[in-house]
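The block underneath contains the structure these notes are about, expressed in structure tokens.
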Amino acid sequence: MKKKLIVSLVLSLLLTATEAFAAEITIASGAGYKRPVLEITSLYQKKTGNRIAAVFGNMSQIISQVNMSGTVSVVLGDRKFFDRSGLAFVEYQPVGQGKLVFAYRKGLKPDGIEEITGKDITRIGLPDSAKAIYGEAASGFLQNSTLLKDVSEKLLKLSTVPQVSSYLISGEIDAGFINLTDAIGIKGLIGGWLPADTTLYDPVLIEAGILKGHGKNLNVQSFVAFFETEEACRILKKYGLK
């Protein structure tokens, strides 16, 4: 009888551990990384059976989501954002480096970014620098390249990188500053893009930050470690993050 009780207890503990490991975790990411994040989470779920929920938005929306829901375990974003977010992180996993590009609608083919001062480009979209890291990068680039004074009246501030991309696709703007990752995702729907000089804006170092209270979760540790696998790195490279 005692032996059966011990076996039953062990099985119960194993079942509880399995359920805990397989339980869904939530990752919050900047909207500009939606495509690679969804591909990586989908691949991770197929390989492990562990469930991942992903939410996307600008950095202000992510902070609100973390604080209001209490369910977010991992945030994907830039280290500068982490440092000023007010959120408590216990561990960081490097993911890649983001790159700012100047994208333009179909029908245009500028030879250089300096052509944004010309008459063919009348509206230029950029993410809100107070909410999105690439808005901050774009503002820095425009200031440091001395183009800002000549294009300030053309600028249209939008919320997120995907919103800028959406306006480009529809032709509501002639050009816009987005990240290379999103530009690759919409390459068939726009005219193209030009890389911004990386010396004219602060580096965008992308990391997966584990929030306080989730560091010992086996599923969280497993998922964050998955970013280092060859399969995940191939996806990140495809989207210009490696």
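What number comes out for the charge environment of D197, summing +1 per Lys or Arg and -1 per Asp or Glu over other residues with Cβ under 13 Å away?
Surrounding charge for D197 is -1.
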- Note on the structure: Packing-ranked peptide list from 135-146, 227-238, highest mean Cβ count within 10 angstrom first, is 135-146, 227-238
- Message: On a straight-distance basis, which aspartates and glutamates could pair with K154 in a cross-link, Cα separation under 20 angstrom, same-chain partners fewer than 8 positions away excluded?
- Response: D111, E114, E115, D120, D128, E136, E172, D174
- Item | Expected 222 nm ellipticity per residue - DSSP helices of 4 or more, -39500 (n - 2.57), all of the chain, to 500 | -13000 deg cm²/dmol
- Percent of beta bridges antiparallel (DSSP, the chain, rounded to nearest 5): 60
- Message: Straight-line reach only, C-alpha to C-alpha below 15 angstrom: list the aspartates and glutamates that K242 could link to, leaving out same-chain residues fewer than 8 apart.
- Response: D78, D182, E207, E228, E230, E231
- Round to a whole angstrom and tell me the spacing of the C-alpha centers of segment 180-242 and segment 151-172. 22
- Item | Reachable lysines, given that their alpha-carbon falls under 21 Å from the alpha-carbon of K237 and they are not under 8 places away in the same chain | K34, K46, K47, K99, K187
- Measure nothing fancy, just the Cα-based angle from helix 2-22's long axis to the longest principal axis of the chain, in degrees from 0 to 90, nearest 10. 0
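Where a number appears in this text, it was derived from the coordinates with a stated rule and is not lab data. Being a predicted model, the structure only gives us computed values, none of them experimental. As a convention, Cβ positions derive from the backbone with ideal geometry for all residues, glycine included, and neighbour counts pool all protein chains shown.
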